[in-house]
Amino acid sequence: MYANKVSAFNSIKYALTVMFSRPGFESAIEAWRYRTRHNNTMYGIYDGQLWNEFKDRDGNVFTSQARSLLFTLNVDWFQSSKRTVYSVGAVYLTINNLPRSIRYKNENIILVCVIPGPKEPKDTQINNYLQVLVNDLKELYYDDFFTCTAESPNVPVPVRAALFLIACDIPASRKVSGFTSFNATVPCNKCSTAFPARYNTHLQRDFSFGLEDIDAWSLRTNIENRYHAKNWKEATTKRQRADLEQKYGTRFSALHDLEYLDLVRCTAIDPMHGLFLGTAKKMVKIWRTTICDLTHELYLTDVDLKEMQKEANDIILPAHPS
């Protein structure tokens, strides 16, 4: 028997061994502890609630010990050739403990896996690649990994790590974290709202549905997400799985095997495509030109704009974010 495709995989432990052998790396991952802090001002990920609540296997704050790394996972695809359509995927980790000024330098990024083309994996096929990553992450969370460092070249010291965030564009994050696509009946990975199809087709969702009663929308929870993912995994037919996807917007992901990970909370909203590339501007334009059937007013009125501006005026951006 021969494998249909061959994928290159890079051991996280080996990558960390190389990184810790570099002078200055160990001190760089601890620099965040000595940052200047200001009350009621958030400068970066270290000031967030999740960073200070994330627990280790014993129930203590994960970063309370030295050399405790928290990763962000990204998966993306690119065209490897200019002359033909051939999409290759990359699975890589960044280390949030590093200062932002050096966090995304090539030497500080762990390329975990290369997903061969010519097409992207469909839905849960990506689990075949993620499972190897998950196996490494389990060992790094539950069992300390000992390695020599530039600061301790002769005596191995303990290192531990955990997956902290999943930050991808929307199509990739849905595949990686086990949520249905942005055009599914339940398209959001943060709430469980079901949106009807527009024009009685399944090609486009009516995302204006329910805006007048947005307070009634229910947020997803980690417990419910894991329950629905388990039911999806145990379903025995494609029809059963399709019905569960349509009703709950959830599939099983290999990342569900990381018991400490809350995929609802830890799958980041995509700000680049959702805000920086004009989606927010487009939505505001629609809301400023569309009359609500119930209120007979614009979805976004002049009063709303004044309130939004008032909130914006109260935001103080840090002068030198790090």
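The values are calculated or read from the model by the stated rules, or taken from the named source; none is laboratory data. What you are looking at is a predicted structure, and each value in this text was computed from that prediction instead of being measured. All Cβ positions, even for glycine, are placed from backbone atoms using ideal geometry, and neighbour counts span all protein chains on display.
Please specify each residue of the stretch 79-121 satisfying the condition of being closer than 24 Å to Arg160 by Cβ and part of a strand (DSSP E or B). The answer is Val91, Tyr92, Leu93, Thr94, Ile95, Ile110, Leu111, Val112, Cys113.
The set of residues from the stretch 217-249 being within 21 Å of Cys191 (Cβ to Cβ) and not in a helix (DSSP H, G or I) comprises Trp217, Ser218, Leu219, Arg220, Thr221, Gly249. For Leu133, the conditions (1) within 16 Å of Leu16 (Cβ to Cβ); (2) over 19 Å from the mean Cα position of the chain (by Cα); (3) not in a loop (DSSP other than H, G, I, E, B) all hold with the exception of (2).
Being β-branched (Val, Ile, Thr) and without any contact (Cβ under 8 Å) to a residue 40 or more places away in the chain is the filter; apply it to the stretch 59-76 and report the residue that is surrounded by the most Cβ atoms within 10 Å (Cβ to Cβ). The residue in question is Thr63.
Of the residues Ala90, Ala66, only one is of a type in the set (A, V, I, L, M, F, W, C) and over 17 Å from the mean Cα position of the chain (by Cα); which?
Working: Ala90 fails: over 17 Å from the mean Cα position of the chain (by Cα).
Checking each option against the conditions leaves just Ala66.
Quick check on the stretch 237-249. Is at least one of its residues touching a residue at least 24 places away in the same chain (Cβ under 8 Å), buried (at least 18 other Cβ atoms within 10 Å of the Cβ), touching a Gly at 6+ places or on another chain (Cβ under 6 Å) and of a type in the set (Gly, Ala, Ser)?
The initial filter retains those residues of the stretch 237-249 that are touching a residue at least 24 places away in the same chain (Cβ under 8 Å), namely 245-249.
Right, trim to buried (at least 18 other Cβ atoms within 10 Å of the Cβ) and you get 245, 248-249.
Checking the rest, the ones that are also touching a Gly at 6+ places or on another chain (Cβ under 6 Å) come to none.
The answer is no, given that none of the residues of the stretch 237-249 is touching a residue at least 24 places away in the same chain (Cβ under 8 Å), buried (at least 18 other Cβ atoms within 10 Å of the Cβ), touching a Gly at 6+ places or on another chain (Cβ under 6 Å) and of a type in the set (Gly, Ala, Ser).
Only residues that are under 25 Å from Ala254 (Cβ atoms) and of a type in the set (Phe, Trp, Tyr): list them for the stretch 43-85, please. Trp51, Phe54, Phe62, Phe71, Trp77, Phe78 - these are the residues of the stretch 43-85 that are under 25 Å from Ala254 (Cβ atoms) and of a type in the set (Phe, Trp, Tyr).
Could you list all residues from the stretch 1-26 that are hydroxyl-bearing (Ser, Thr, Tyr) and surrounded by 11 or more Cβ atoms within 10 Å (Cβ to Cβ)?
Kept after step one, since they are hydroxyl-bearing (Ser, Thr, Tyr), are these residues of the stretch 1-26: 2, 7, 11, 14, 17, 21.
Answer for the stretch 1-26, where residues must be hydroxyl-bearing (Ser, Thr, Tyr) and surrounded by 11 or more Cβ atoms within 10 Å (Cβ to Cβ): Ser7, Ser11, Tyr14, Thr17, Ser21.
Run down Gln65, Gln49 and say which single residue is under 16 Å from Ala161 (Cα atoms) and modelled with pLDDT of 90 or more.
From the options Gln65, Gln49, the qualifying one is Gln65.
Do we find a residue being modelled with pLDDT of 90 or more and within 30 Å of Trp232 (Cβ to Cβ) anywhere in the stretch 268-279? Yes, there is a match, as at least one residue in the stretch 268-279 is modelled with pLDDT of 90 or more and within 30 Å of Trp232 (Cβ to Cβ). Residues in the stretch 77-112 that are loosely packed, with under 13 Cβ neighbours inside 10 Å and in contact (Cβ under 8 Å) with a residue 60 or more places away in the chain were compared, and the one that is farthest from Leu133 (Cα to Cα) is Ser101. If you go through the stretch 169-210 and pick out every residue that is modelled with pLDDT under 70 and either among the hydrophobic types (A, V, I, L, M, F, W, C) or part of a helix (DSSP H, G or I) (or both), you end up with 5.
Out of all the residues in the stretch 35-47, is one or more outside any loop (DSSP other than H, G, I, E, B) and more than 25 Å from Tyr260 (Cβ to Cβ)?
Looking only at the stretch 35-47, we keep the residues that are outside any loop (DSSP other than H, G, I, E, B), and these are 45-47.
Among the residues that remain, those that are also more than 25 Å from Tyr260 (Cβ to Cβ) are: none.
So far as the stretch 35-47 goes, no, none of its residues is outside any loop (DSSP other than H, G, I, E, B) and more than 25 Å from Tyr260 (Cβ to Cβ).
One residue stands out among those in the stretch 131-180 that are surrounded by fewer than 16 Cβ atoms within 10 Å (Cβ to Cβ) and of a type in the set (S, T, N, Q): the one that is nearest to Ile115 (Cα to Cα), which is Gln131.
Could you tell me whether Phe164 is under 30 Å from Tyr248 (Cβ atoms), of a type in the set (Phe, Trp, Tyr), modelled with pLDDT under 90 and touching a helix residue (DSSP H, G or I) at 6+ places or on another chain (Cβ under 7 Å)? For Phe164, the condition - under 30 Å from Tyr248 (Cβ atoms), of a type in the set (Phe, Trp, Tyr), modelled with pLDDT under 90 and touching a helix residue (DSSP H, G or I) at 6+ places or on another chain (Cβ under 7 Å) - is not met.
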